[in-house]
Amino acid sequence: MDSLQPLIVDLALILILAGIVTLVFKKLRQPVVLGYIVAGFLAGPNFHYLPSIADPENIDIWAQIGIIVLLFTLGLEFNFKKLLNVGATAFTTALTIALGMIAIGYMAGQFLGFTVFDSIFLGAMLSMSSTMIIIKAFGDLGMQQQKFTQTVFGVLIVQDLLAVVLLVILSSVSSGSVEGGELLNSVAKLVFFLVLWFVIGTYIIPTFVRSVRRFLNNETLLIVSMGLCFGMVVIATYAGFSSALGAFVMGSILSSANEVERIERVIQPIKDLFGAIFFISVGMLVNVDTLVQYSAPIIILSLIVIIGQSVLATLGMLLSGQPLRTAIQSGFSLSQIGEFSFIIATLGISLGVMNPTLYPIVVAVSVVTTFTTPYMIKLANPFYSKVEKHLPERIKRRLDEYSQSNTIIEDGKGVWKKILTNYIGKITLFGILIIAIIVASQVWLFPLFEMWIPGTVGELMATIITLLAMAPFLWAITMRRTNNDVLRALWSDGRSNQVPIMLLITLRYVIAFAFVLGFLHTVYSYVGMTIGAVIFLLLMKTFSKDIQKQFTRLEKGFLDNLNLRERSKKGIDLIHDLHIARMTIHEDSELAGVRLSDSNLRKNYGLNIVSIIRGTRRINIPGSEVRLFPGDIIRVIGTDEQIARFLPIVECGDEIADGTSEEVSYSYVIVNPESEWVGKSTADLGLRNNFRCLLVGIERGTDAFLQPDGTIKIEANDILWIACEQNTMKTIKEVAAGRLHTTHIK
């Protein structure tokens with residue numbers, strides 16, 4: 001018990017101080033992050049008017065856990081689909097800020113007399129804006145729904161990714177030297193493992209979570225999520241990366257899962273506790289004497305962050321083709337540093353290559369820029385008005401022309417750019433997977449067979465298994481055709497396009513053959529590997545259709561998991577602009593407490609509710625007498641315009657987790673001439689009452705799409721779009737095909 005006493009006393013001290021200080025900061029409407037830093041200062045060894053912590057090492061361990069949890073939760077918000085959607089603007093702006101601020105920070109560090117490594121870490125710390133502070137500022141100012149804020153969030157997403165890359169690069173700093181080849185090797189290794197972990201993780205993890213969903217109450221979901229997080233932390237550490245990277249990667253993998261909102265909710269208390277301890281540990285390093293001594297560098301660096309981030313972010317926005325107003329608004333919003341700067345500083349101190357004195361300086365700069373952030377955001381519009389008023393017409397016209405022309409790509413160049421991007425991306429992706437299979441085979445499979453079946457037979461069996469595992473991805477490199485119509489059009493344009501197309505096709509086969517030869521060379525002689533490679537490629541050609549089916553199944557599983565959250569949260573596309581959207585009934589909504597029959601949703605908005613999630617209960621295809629209550633999550637079918645008009649009536653609050661009931665399936669059935677439905681009206685089908693299903697629409701012929709109003713007669717070969725539970729959908733298809741009569745259904 002004595003060994004636990006210092007830890008308990010220290011926790012009691014820092015948490016009581018944190019609670020008091022953050023309550024004060026809440027009342028003053030200041031970010032609680034600053035409260036944690038102040039609490040850490042009060043509990044630290046540099047403040048002598050209150051008891052100090054007895055064992056800083058214990059707090060450091062908890063702070064490391066805090067970094068892991070913070071990075072894990074950031075990963076949960078980092079969706080790969082979202083990264084693809086933010087576009088060139090976010091990438092251009094984030095890279096402009098990162099490269100510019102690293103260079104400026106390095107030069108400022110040299111000017112202020114810091115060492116080379118202090119200057120490198122200083123530049124990295126000054127290049128990262130604070131997601132927490134910006135979200136808080138937008139919320140306090142009521143600006144979340146303004147158009148430019150989405151662009152800012154896109155930049156923050158890319159900055160999170162760049163920060164993880166920076167952590168890996170800076171982690172390669174050792175023994176006081178930085179080798180260019182070592183850094184390049186670290187980045188290449190990072191890319192390899194990120195792609196590998198992301199592809200395999202996205203294929204396996206969401207599928208696993210979905211398969212055990214019925215058992216995942218809040219308790220088990222928390223345990224499973226944290227287990228996956230720390231499991232990836234261990235894997236990343238063994239691979240030579242930081243624990244923070246492993247946590248971020250697992251969070252980004254789970255971000256594709258349908259349960260991510262539930263995970264975020266159950267993780268939130270853990271994040272709040274350990275995140276608070278991390279920021280408290282940051283505050284413990286603050287030394288007033290140091291701040292007074294380095295007041296000039298703090299002021300200089302604060303001005304560099306405020307001015308440099310604003311100017312570089314505005315420049316990046318303009319370079320990416322954003323209008324001047326959006327560029328200035330976004331640039332002024334990104335004028336601070338925050339949580340990632342502390343994590344980078346912690347890394348520098350742990351590596352022993354950064355002066356600990358720099359830590360409280362960066363903390364002070366963060367505090368200053370946090371206080372100035374709301375004022376900078378509010379200053380953006382007046383500043384734009386002055387700039388726009390005094391800017392010469394010639395420059396304004398040039399900016400407008402550039403903004404408009406940035407979205408226009410010359411046809412020929414645009415086509416080839418798309419083809420080459422797709423070509424390089426696919427070969428890189430499948431190449432990484434093939435290399436991973438070869439490495440795993442050499443490390444685990446061959447030693448296993450050598451132990452079980454020593455000799456040539458075991459070696460041959462391991463070789464065959466490895467080649468079979470490689471086959472789907474080799475097929476994808478060599479035989480899978482993408483952009484066929486585009487390639488045919490380019491081919492027909494003449495020889496100028498035919499030669500590069502043939503080179504690209506030939507290169508695909510050369511790359512695939514090289515992978516096979518490279519693997520076989522590790523096992524057999526030159527003659528054996530050549531014969532084996534030829535036989536293998538002939539077998540691939542012979543069984544191409546079977547291999548294609550296997551690859552298609554793998555690809556479908558990956559894409560389904562990748563798009564799972566987007567389809568659930570943002571809506572599932574159906575047909576003719578209809579899609580499923582999800583929203584939450586707010587307590588002040590005029591629909592709260594109203595029966596569906598009295599809501600007139602179809603009449604007023606053209607919408608249908610297909611399910612209601614109430615706590616852990618799901619009501620699929622609700623009847624007309626069902627009431628809507630505050631906190632209900634409803635899934636509605638409609639067009640973008642209908643949903644956009646309906647959303648303000650419904651939703652103002654946070655989302656609630658999915659229940660554990662069965663999901664609604666959205667599919668179509670074809671009515672055969674033998675079906676009993678032919679000739680019946682849509683009202684007589686009894687889909688809602690008999691099957692708890694909803695008829696969304698009727699597709700007739702090639703052009704007609706009919707909205708069911710109860711009077712339309714069903715005709716043979718009609719395509720009915722229906723929403724219902726998956727088990728019921730099987731019965732519906734049997735009835736539509738004429739193989740089952742409703743009187744035979746119990």
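The values are calculated or read from the model by the stated rules, or taken from the named source; none is laboratory data. For clarity, every value in this text was computed on a predicted model and none was experimentally measured. In this analysis, Cβ positions are derived from the backbone assuming ideal geometry, glycine residues included, and neighbour counts consider all displayed protein chains.
Among the residues of region 95-120 satisfying the criterion of being touching a helix residue (DSSP H, G or I) at 6+ places or on another chain (Cβ under 7 Å) and part of a loop (DSSP other than H, G, I, E, B), which is surrounded by the fewest Cβ atoms within 10 Å (Cβ to Cβ)?
Checking each candidate, the answer is Leu112.
Can you tell me how many residues within region 45-70 are surrounded by 15 or more Cβ atoms within 10 Å (Cβ to Cβ) and over 13 Å from Ile277 (Cβ atoms)?
Going through region 45-70 one residue at a time, the tally reaches 3.
Condition first: at pLDDT 80 or above, under 32 Å from the mean Cα position of the chain (by Cα), of a type outside the set (Gly, Ala, Ser) and in a loop (DSSP other than H, G, I, E, B). Now tell me which residues in region 575-625 satisfy that.
Of everything in region 575-625, those that are at pLDDT 80 or above, under 32 Å from the mean Cα position of the chain (by Cα), of a type outside the set (Gly, Ala, Ser) and in a loop (DSSP other than H, G, I, E, B) turn out to be Ile585, Leu607, Ile621.
Considering only region 630-649, state which residues are β-branched (Val, Ile, Thr) and either closer than 22 Å to Leu694 by Cα or crowded, with 22+ Cβ neighbours inside 10 Å (or both). Even if it seems obvious, please write down each step before you answer.
Start the filter on region 630-649 by keeping residues that are β-branched (Val, Ile, Thr), which leaves 633-634, 636-637, 639, 643, 649.
Once the filter is applied, which keeps residues that are β-branched (Val, Ile, Thr) and either closer than 22 Å to Leu694 by Cα or crowded, with 22+ Cβ neighbours inside 10 Å (or both), region 630-649 yields Ile633, Ile634, Val636, Ile637, Thr639, Ile643.
Can you go through Ser366, Ser341, Ser330 and tell me which one is closer than 19 Å to Ala90 by Cβ and either touching a Ser or Thr at 6+ places or on another chain (Cβ under 7 Å) or not assigned by TED's automatic domain parsing to the domain that holds Gly154 (or both)?
Testing whether each residue is closer than 19 Å to Ala90 by Cβ and either touching a Ser or Thr at 6+ places or on another chain (Cβ under 7 Å) or not assigned by TED's automatic domain parsing to the domain that holds Gly154 (or both) leaves just Ser330.
Among the residues of region 350-363 satisfying the criterion of being crowded, with 16+ Cβ neighbours inside 10 Å and either among the β-branched types (Val, Ile, Thr) or within 11 Å of Ile337 (Cβ to Cβ) (or both), which is modelled with the lowest pLDDT?
So the residue we want is Val353.
Would you mind finding the one in Thr346, Thr326 that is modelled with pLDDT of 85 or more and in contact with a Phe, Trp or Tyr (Cβ under 9 Å, 6 or more places away or on another chain)?
The unique qualifying residue is Thr326.
Since Ser119 meets every condition but one in (1) in contact (Cβ under 8 Å) with a residue 40 or more places away in the chain; (2) assigned by TED's automatic domain parsing to the domain that holds Phe332; (3) in contact with a Phe, Trp or Tyr (Cβ under 9 Å, 6 or more places away or on another chain), which condition does it not meet?
(1)
So which of Tyr36, Tyr49 is outside the structural domain of Thr370 (by TED's automatic domain parsing), of a type outside the set (A, V, I, L, M) and touching a residue at least 40 places away in the same chain (Cβ under 8 Å)?
Exactly one residue qualifies, and that residue is Tyr36.
Pick from Leu42, Leu17, Leu7, Leu76: which is modelled with pLDDT under 80 and either assigned to a helix (DSSP H, G or I) or of a type in the set (D, E, K, R) (or both)?
Leu7
Conditions (1) out of contact with any Asp or Glu (no Cβ under 7 Å at 6 or more places or on another chain); (2) on the phi > 0 side of the Ramachandran plot, marked per residue:
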residue: Leu694; (1), (2): yes, no
residue: Gly701; (1), (2): yes, yes
residue: Ile712; (1), (2): yes, no
residue: Asn717; (1), (2): yes, yes
residue: Glu725; (1), (2): no, no
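Applying the selection to region 218-249, what residues are assigned to a loop (DSSP other than H, G, I, E, B) and in contact (Cβ under 8 Å) with a residue 60 or more places away in the chain?
Once the filter is applied, which keeps residues that are assigned to a loop (DSSP other than H, G, I, E, B) and in contact (Cβ under 8 Å) with a residue 60 or more places away in the chain, region 218-249 yields Phe241, Ser242.
If I filter region 425-436 for residues that are surrounded by 12 or more Cβ atoms within 10 Å (Cβ to Cβ), modelled with pLDDT of 80 or more, of a type outside the set (A, V, I, L, M) and farther than 30 Å from Ser320 by Cα, do I get at least one hit?
yes
I'm checking my understanding of the structure. Among residues of region 319-342 that are touching a Leu at 6+ places or on another chain (Cβ under 7 Å) and aliphatic (A, V, I, L, M), which one is surrounded by the fewest Cβ atoms within 10 Å (Cβ to Cβ)? Break it down into steps so the answer makes sense when it comes.
Taking region 319-342 first, the residues touching a Leu at 6+ places or on another chain (Cβ under 7 Å) are 324, 327, 332, 337, 339.
Checking the rest, the ones that are also aliphatic (A, V, I, L, M) come to 324, 327, 337.
Numbers: Leu324: 19, Ala327: 27, Ile337: 28.
Filtering region 319-342 for residues that are touching a Leu at 6+ places or on another chain (Cβ under 7 Å) and aliphatic (A, V, I, L, M), the one surrounded by the fewest Cβ atoms within 10 Å (Cβ to Cβ) comes out as Leu324.
With the requirement that a residue be under 9 Å from Gly123 (Cβ atoms) and in contact (Cβ under 8 Å) with a residue 60 or more places away in the chain, what does region 99-109 give you?
Of everything in region 99-109, those that are under 9 Å from Gly123 (Cβ atoms) and in contact (Cβ under 8 Å) with a residue 60 or more places away in the chain turn out to be Met101, Ile104, Gly105, Ala108.
Return yes or no: is Trp416 in a helix (DSSP H, G or I), at pLDDT 80 or above and of a type outside the set (A, V, I, L, M)?
Spelling it out, it is not the case that Trp416 is in a helix (DSSP H, G or I), at pLDDT 80 or above and of a type outside the set (A, V, I, L, M).
Please enumerate the residues belonging to region 707-730 that are part of a strand (DSSP E or B) and either over 21 Å from Asn689 (Cβ atoms) or touching a helix residue (DSSP H, G or I) at 6+ places or on another chain (Cβ under 8 Å) (or both).
Ile719, Leu720, Ile722, Cys724
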